[in-house]
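To start, the structure under review is shown below, and the notes come after it.
The values are calculated or read from the model by the stated rules, or taken from the named source; none is laboratory data. Note that the structure is predicted; figures quoted are calculated from it, not measured. Here the Cβ positions follow ideal geometry from the backbone for every residue, glycine too, while neighbour counts run over all protein chains shown.
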Amino acid sequence: MPASKKTQEFVAEELPYMLLRYLYKDARAPLKTLGREFKISYHTISEVLKEYEEKYNIAYTLRLNERALGFASGRIITIKFAKMPDIGLLKERFKKDIFVQDAYLGSGDFDLLLYVVGLTEIDFDGWQVKLRMDLSDYGPILKVSTQTEYTCGFFSLRNELIKDSEVLSDNEKKVLLLLNENSRMKLKDLIEASKLNQMRVIYLIKKLKERGIIEGYTALVQNPDKRLLVAYTITVVFVKEHRKILLRFLETIIGEDLHEVTNDYSLMSNANGSYDGVFLCAFADGEVEAKKGAGILNTLWAAENPKVEKSILTSLLVGKWPFHLEGYENQLKDITEIKRELHLSEHV
């Protein structure tokens, strides 16, 4: 019996985006679970998901805790060149560097945005000196901040770094490396690829989650339908009304169209150093960017004398694009918490 018109409209107009939101939270959800969740047949779920996996190049990966892996907090680095190096040279340089997790080529106030993990303070000093020397012919100017807290999204970690972790056993690494490359990998395939028995694989996954190493199984969009990809950094001078400013900012950006493949703001991270915040965004076009990008940052944070730098991201050199679709549940929780704090402070 053919599906009703209402069901057909749901499958065509709502289901794809609801699926992406669900898989961002739990990429290991079985198709049958997804079918029960959306009251749609297993086969329909499978067909829609396959179409979107191919169309938007969905990467199933892990959200990992760097500290639990034995690494210090990552560093976000922007580089501006006096003369642009060959792109192939940069790609090869960062591909060989296990500490560079994500590298994005840009055009604007900075030419590169890097996410670097796995270096102590002393090691990082030597690393950045060597990087500057390697690229000295191109006049690189580096700005560095330590990533302190994600308020939305995350930077991915490469398997090359995971192999360097000293807190993982060999078997834990086997399982983690496989899941980081495909967090939807079926259990039978995990068993076959790791050459471990079923009980061992299940136990290792359980322990990796309990230790806080695996924070989530997730899905990142590598080919978003929003084609204007932009990175911003912001530096502010804190004022006493900082929490109110943050509240207005969160309330302004969380409005999202249900029928989008990625959030406008897919990554928001607090930082400490050359800048106080980093944002990676995917906008439909320049008009949307003008309304929701640097202009909003400058306007909403005006009381804190913001300095906003912007770069249009043009190429992925290493790692994964961080773009995704979620319902901003964490931001709504933050809004509720900030309102509660402000209410309490008014009555002290």
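Looking only at residues of the stretch 244-272 that are charged (D, E, K, R) and modelled with pLDDT under 90, we find that the one that is farthest from Pro322 (Cα to Cα) is Glu251.
For the structure I just gave you, tell me whether Leu196 is at pLDDT 95 or above and more than 16 Å from Gly216 (Cα to Cα). Yes; evaluated as a whole, the condition is true for this residue. Report the residue count in the stretch 296-327 for those that are of a type outside the set (Gly, Ala, Ser) and without any contact (Cβ under 8 Å) to a residue 12 or more places away in the chain. Residues meeting the conditions: 2.
The set of residues in the stretch 295-335 that are small (Gly, Ala, Ser) and over 17 Å from Ser269 (Cβ atoms) comprises Gly295, Ala302, Ala303, Ser315, Gly327.
Within the stretch 183-224, the residues that satisfy the criterion of being among the basic types (Lys, Arg), over 19 Å from Lys50 (Cα atoms) and surrounded by 12 or more Cβ atoms within 10 Å (Cβ to Cβ) are Arg200, Lys207, Lys209, Arg211. Of Glu326, Glu289, Glu309, all but one fail to be closer than 30 Å to Ile98 by Cβ, in contact with a Phe, Trp or Tyr (Cβ under 7 Å, 6 or more places away or on another chain) and not in a strand (DSSP E or B); the exception is Glu326.
Screening the candidates Tyr52, Tyr22, Tyr60, Tyr17 for the property of being touching a His at 6+ places or on another chain (Cβ under 7 Å), not aliphatic (A, V, I, L, M) and not in a loop (DSSP other than H, G, I, E, B) yields one hit, Tyr17.
Among the residues of the stretch 63-80, are any modelled with pLDDT of 95 or more, more than 17 Å from Leu119 (Cα to Cα) and over 18 Å from the mean Cα position of the chain (by Cα)? So far as the stretch 63-80 goes, yes, one or more of its residues are modelled with pLDDT of 95 or more, more than 17 Å from Leu119 (Cα to Cα) and over 18 Å from the mean Cα position of the chain (by Cα). Residues that are among the polar types (S, T, N, Q), modelled with pLDDT of 95 or more, within 20 Å of the chain's Cα centre (by Cα) and surrounded by 17 or more Cβ atoms within 10 Å (Cβ to Cβ) do not occur anywhere in the stretch 157-174. A single entry from Leu113, Leu90, Leu49 fulfils the requirement of being without any contact (Cβ under 8 Å) to a residue 40 or more places away in the chain and under 30 Å from Thr262 (Cβ atoms): Leu49. Does Ile40 satisfy the criteria of being buried (at least 16 other Cβ atoms within 10 Å of the Cβ) and either touching a strand residue (DSSP E or B) at 6+ places or on another chain (Cβ under 7 Å) or closer than 30 Å to Glu309 by Cα (or both)? So Ile40 fails the test. Here is the figure for the stretch 205-247: residues that are among the polar types (S, T, N, Q), closer than 30 Å to Lys188 by Cβ and assigned to a strand (DSSP E or B) total 1. Only residues that are among the β-branched types (Val, Ile, Thr), touching a helix residue (DSSP H, G or I) at 6+ places or on another chain (Cβ under 8 Å) and within 16 Å of Arg67 (Cα to Cα) were counted in the stretch 148-186, giving 1. Inspect the stretch 2-19 for any residue being under 30 Å from Leu190 (Cβ atoms) and either assigned by TED's automatic domain parsing to the domain that holds Tyr328 or basic (Lys, Arg) (or both) and give the result as yes or no. No. Any chance you could count how many residues in the stretch 305-334 are surrounded by fewer than 17 Cβ atoms within 10 Å (Cβ to Cβ) and out of contact with any Ser or Thr (no Cβ under 8 Å at 6 or more places or on another chain)? The total comes to 7. Restricting the stretch 25-37 to residues that are assigned to a loop (DSSP other than H, G, I, E, B) and not acidic (Asp, Glu) leaves a set whose member that is surrounded by the fewest Cβ atoms within 10 Å (Cβ to Cβ) is Pro30. Of the residues contained in the stretch 206-225, one or more are found to be among the β-branched types (Val, Ile, Thr), within 30 Å of Phe81 (Cα to Cα) and at pLDDT 95 or above.
For the stretch 317-336, the criterion of a residue being modelled with pLDDT of 95 or more and touching a helix residue (DSSP H, G or I) at 6+ places or on another chain (Cβ under 7 Å) is satisfied by at least one position. The set of residues in the stretch 252-281 being part of a helix (DSSP H, G or I) and surrounded by fewer than 16 Cβ atoms within 10 Å (Cβ to Cβ) consists of Thr252 alone.
Looking at the stretch 218-233, is at least one residue touching a Ser or Thr at 6+ places or on another chain (Cβ under 6 Å) and of a type in the set (Gly, Ala, Ser)? Yes, some residue in the stretch 218-233 is touching a Ser or Thr at 6+ places or on another chain (Cβ under 6 Å) and of a type in the set (Gly, Ala, Ser).
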